[in-house]
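The values are calculated or read from the model by the stated rules, or taken from the named source; none is laboratory data. What you see is a predicted model, and the numbers here were worked out from it, not measured in a lab. We place every Cβ from the backbone using ideal geometry, glycine too, and count neighbours over all the protein chains shown.
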Amino acid sequence: MTDFTPEELLAMTERALERLDWGQVFALASDVLALQPDNTEAATLRALADRHGGQSWLPSRRQATALFVDLVESTPLAERHDVEVYGSVLRAFLLACRPVVESYEGHFVDVQGDAIVACFGYPFGHEDDASRAVSAGLDILAALRPIAARLQAELGVELHARVGIDDSAASFGYTAPHGPAPP
């Protein structure tokens, strides 16, 4: 089975949850439940991962579209302004991006300070995932315009973002470093 304790596995599960790695959350929570069938935290995490496609552990190849959005010149922005100002800029950026991506049924893959990566076509695919990603990118830019105007007026901060999109075949599948695949 595994050489990890249930507590260690739960800690790894929570780190996978922070990355929104639903397949890993599902697998690790399943490992905890194999050791402790009555562990309610693991059962909750596995159910959450299942709702987000985490049970789809069989390897597969499918078309997917990645959307990358980042703030232009964010390092100089961080150097010129106080950490609270920079933090409010990042929060405004993320609060503008998240609902747009979710409205097009995109899946956040990574959030790194001034940048996001979202995937369209995983865990659930649509015929028009590439169009959804393009529309999401354009809508994010539109959503940032009033925020940029407000930040300019209130704080003297110029906010610019750029969008990149890549559409290609991608491999998705289960990795089992902590035990066998779930049944």
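Go through region 130-167 and count every residue that is among the polar types (S, T, N, Q) and either surrounded by fewer than 15 Cβ atoms within 10 Å (Cβ to Cβ) or outside the structural domain of residue 101 (by TED's automatic domain parsing) (or both).
Residues meeting the conditions: 2.
Would region 130-137 turn up any residue that is under 30 Å from residue 46 (Cα atoms), in contact with a helix residue (DSSP H, G or I) (Cβ under 7 Å, 6 or more places away or on another chain) and at pLDDT 90 or above?
yes
Identify all residues within region 3-21 that are in contact with a helix residue (DSSP H, G or I) (Cβ under 7 Å, 6 or more places away or on another chain) and among the aliphatic types (A, V, I, L, M); write none if there are none.
Result: 9, 10, 12, 16, 17.
I need every pair where a residue in region 12-23 that is closer than 12 Å to residue 46 by Cα and at pLDDT 80 or above has its Cβ under 9 Å from the Cβ of a residue that is buried (at least 20 other Cβ atoms within 10 Å of the Cβ) and among the basic types (Lys, Arg), sequence separation at least 6 or different chains.
13/46
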